[in-house]
1. Return the residues of region 37-92 that are at pLDDT below 80 and among the hydrophobic types (A, V, I, L, M, F, W, C); say none if nothing qualifies.
2. How about region 146-173: which of its residues are over 16 Å from residue 72 (Cβ atoms), modelled with pLDDT of 85 or more, surrounded by 17 or more Cβ atoms within 10 Å (Cβ to Cβ) and small (Gly, Ala, Ser)?
3. Can you go through 205, 194, 249 and tell me which one is closer than 23 Å to residue 74 by Cβ and more than 18 Å from the chain's Cα centre (by Cα)?
4. If you check 282, 242, 229, 249, which single one turns out to be buried (at least 18 other Cβ atoms within 10 Å of the Cβ), in contact with a Lys or Arg (Cβ under 9 Å, 6 or more places away or on another chain) and not polar (S, T, N, Q)?
5. Select, from 143, 125, 111, the only residue that is over 25 Å from residue 228 (Cβ atoms) and modelled with pLDDT under 80.
Amino acid sequence: MVLAAAALWGTTGTAQSLAQGQLSAGWFGALRLVVAAAFFAFYAWATQRGARDAASQGPLPWSGVLGAGVCMAVYNLAFFAGVRLTGVGLGTAIALGSGPLWAGVLQAVVARQLPSARWWMGTVAAVGGGVLMTLSSGGAGHAASAGGIALCLAAGLSYAVYTLINKSLVRRASAASITLRAFGVAALLALPAAWIDGGAPTPAASDYWAVLYVGVVTAGVAYLLFSHALQHISAATGVTLALAEPVVAFTLATLVLREQPGALAFGGLLLVVLGVLVVVRAELRDGRALAGSGEPGVQAA
């Protein structure tokens, strides 16, 4: 489910490029959150899972919901602002690459669950491959900005924290009810920020289709899959497996947008795939070990 979500996330950049509309990056990200929140509301209403959760498990803690929403809003705003200052290649490498490392450290410190050596080996390989892919695909002409690097690191951290909070919430409610509330909070925060940054939006016709696609498919469906998956795998593994996103983005950029990456990009692609496979193996092995120990509440991946 995480790999499927990452595959959908990887189509976001291509959809935005093909739209060639008038929306700024800030408005594109903010409206994506709005459409996603509407999708989650419809999904929760259609399946009535939110009502069943509330009746059987009690209300969700608003501190967790607000925390998840703030993290999602910060991720969108910090990522787009950081990429603007550092360039697409370097900014994406820092934001996506730091996420799994943040998640591993936070899981060890907060959840007292230290990832295995095999997990770290696969994660480092996947992060290194992602850096090679993104840096070899662009970003020239931008100076290394300390502020931009800090924003991209903040984006990676906020994504890792969102995943850890989501992991704790999925034990108490359905993925639909959690994502609905979290994305609703994120949209309320991102809309005024986009307005302050870029004024009133002036979308073209192609923008509507692009925003609808990224809101429903790359945010709505993808984050439902991601939240469901966190019921069965660790948060750190979920963030690492999401590194399959640049693999899909790289493939689409090569085949659809006709970009011509260098040899380093293909080497990075191989490293990401190998690293993700190692992490999957580590998760399966650790899950079976925990299940065999009889620890309550643990499910093998």
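1. The answer is 51, 54, 55, 60, 80, 81, 83, 85, 88, 90.
2. None; the set is empty.
3. Numbers: 205 fails: closer than 23 Å to residue 74 by Cβ; 249 fails: more than 18 Å from the chain's Cα centre (by Cα).
After applying the criteria, what remains is 194.
4. On the way: 242 fails: in contact with a Lys or Arg (Cβ under 9 Å, 6 or more places away or on another chain); 229 fails: in contact with a Lys or Arg (Cβ under 9 Å, 6 or more places away or on another chain); 249 fails: in contact with a Lys or Arg (Cβ under 9 Å, 6 or more places away or on another chain).
Residue meeting the stated conditions: 282.
5. Only one candidate qualifies: 143.
The values are calculated or read from the model by the stated rules, or taken from the named source; none is laboratory data. Predicted model, so just to flag it, every value in this text is computed and none were measured. Cβ atoms come from the backbone with ideal geometry, glycine included; neighbour counts cover every protein chain shown.
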